[in-house]
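The values are calculated or read from the model by the stated rules, or taken from the named source; none is laboratory data. Since the model is a prediction, treat every value here as computed from it, not as a measurement. Please note: Cβ atoms are built from the backbone with ideal geometry, for glycine as well, and neighbour counts cover all protein chains shown.
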Amino acid sequence: MFVTFLQVNAQDEGDMPVQKPRIAVFAPIYLDSAFNNLNEYRYGKNEFPKFINPGLEFYEGVQMALDSLELEGAELEVFIYDTRSAKESLASQLQKSSCRQR
């Protein structure tokens, strides 16, 4: 699991608006493993696969941090990427992330 911070420089001139910092969070969330192609949960009501826990707990920690930053008035753009996605490779997600830097 890793988080990347993209540097955005503010302009001194009053004409240019200051952009929000953009943050990309990459974590093994395994969403594709938990849901089928109809977006139905694959496991029983009282069943939760253990391999999903670490990524989900990391995501919850990120959410708590973002909630705290929001209370402090921080304006951020945050993008979450599932590194264990079956639909999109990590390389493709990294490419998408780098395109958002612009």
(request) Determine whether segment 48-59 contains at least one residue that is under 11 Å from F26 (Cβ atoms) and of a type in the set (V, I, T). (result) no
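The rows are residues; the columns are (1) modelled with pLDDT of 85 or more; (2) surrounded by 13 or more Cβ atoms within 10 Å (Cβ to Cβ).
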{"site": "N9", "(1), (2)": "no, no"}
{"site": "K20", "(1), (2)": "yes, no"}
{"site": "F26", "(1), (2)": "yes, yes"}
{"site": "A34", "(1), (2)": "yes, yes"}
{"site": "M64", "(1), (2)": "yes, no"}
{"site": "S68", "(1), (2)": "yes, no"}
{"site": "G73", "(1), (2)": "yes, no"}
{"site": "S85", "(1), (2)": "yes, yes"}
{"site": "E88", "(1), (2)": "yes, yes"}
(request) Please indicate, with yes or no, whether at least one residue in segment 59-77 is closer than 26 Å to Q19 by Cα, of a type outside the set (F, W, Y) and part of a strand (DSSP E or B). (result) yes
(message) Under 7 Å between Cβ atoms, which residue pairs at least 6 apart in sequence (or on different chains) link something in segment 20-49 that is free of Cβ contacts under 8 Å to residues at least 24 places away in the same chain with a partner that is surrounded by fewer than 16 Cβ atoms within 10 Å (Cβ to Cβ) and polar (S, T, N, Q)?
(response) R42/N36
(request) Of the numbered conditions (1) within 12 Å of the chain's Cα centre (by Cα); (2) among the β-branched types (V, I, T); (3) modelled with pLDDT of 85 or more, T4 fails exactly one; give the number of that condition. (result) (3)
